């Protein structure tokens, strides 16, 4: 028997051992959803047919999932199926996922305009340290060419040398180089005292080496919750999320006339296979100019400096976000 659930469980354990907890959790979540649809946990790879997958897709929509969520579940299941085929556990089926949605629905707006981001930067938040920190993290993500929250949380002090940040994307392991503009440097300085005893640049993972993935997951949930609150304060029609900063940078860059190839390189998109077939790598000067053009849209007059006499404490029981 080539049951799906035991295979995914073993696959997830392998991923955890290789420190890919995020992918492991996605696979487990995906198979749990499939089992709810099938009303059992004994479904086999042989039972996956185009007709069954179409019924599963309709089930997801009826359950309230949006198109991009449906796509994610399908892509996770496709990835699991392909790995099972490579290991000889499942038999390849041509066109198995052709009738279900596995793309990206661009109709779901995920970018904020430079005007909105400027308002976010200038809004008065009083002494609400939690919202101030969430706002600063969002801005920093934008200033660093749309760096994802997971990579921002794991940036180390050793990643910065002579005003240049070098880090590897957790998703693709691609090495990215970002020249730090003054606005980004000011935000790092703002929280330096809170991380003086930590290898990390930001006080997101406050207990290095102790359940870091759980700290990151908790921080991400609270970050998005506070971005939602900021969206309410700004009276935005579309709520800010951890990924909006990345989409916003890319959209602003595109509207500034920056070539798509430069944007792709700036974001570290390993999935842009067509782009990378004729691109080697851009000089950092080109990428820096691209980043400066985007940041200039905010019309910053000077660096943001701390507005308080002493650094706020974000630490509670476990983490800065907890």
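Bear in mind these aren't lab numbers, they're just calculated from the coordinates by the rules spelled out. Every value quoted in this text rests on a predicted model; they were computed, and no experiment measured them. Here Cβ is always computed from backbone atoms with ideal geometry, including for glycine, and neighbour counts include all displayed protein chains.
See the values below:
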{"quantity": "Pair list, Cβ under 7 Å, 6 or more apart: segment 232-252 residue free of Cβ contacts under 8 Å to residues at least 12 places away in the same chain, other residue in a helix (DSSP H, G or I) and exposed (fewer than 15 other Cβ atoms within 10 Å of the Cβ)", "calculated": "none"}
{"quantity": "Matching helices (runs of 4 or more DSSP H) fully within segment 70-168 where at least 3 residues are farther than 26 Å from residue 195 by Cβ and out of contact with any strand residue (DSSP E or B) (no Cβ under 8 Å at 6 or more places or on another chain)", "calculated": "114-122"}
{"quantity": "Among (1) surrounded by 14 or more Cβ atoms within 10 Å (Cβ to Cβ); (2) under 23 Å from residue 292 (Cα atoms), the one test that residue 216 misses", "calculated": "(2)"}
{"quantity": "Per-region count, segment 158-176, residues in contact (Cβ under 8 Å) with a residue 24 or more places away in the chain, touching a helix residue (DSSP H, G or I) at 6+ places or on another chain (Cβ under 9 Å) and surrounded by fewer than 14 Cβ atoms within 10 Å (Cβ to Cβ)", "calculated": "1"}
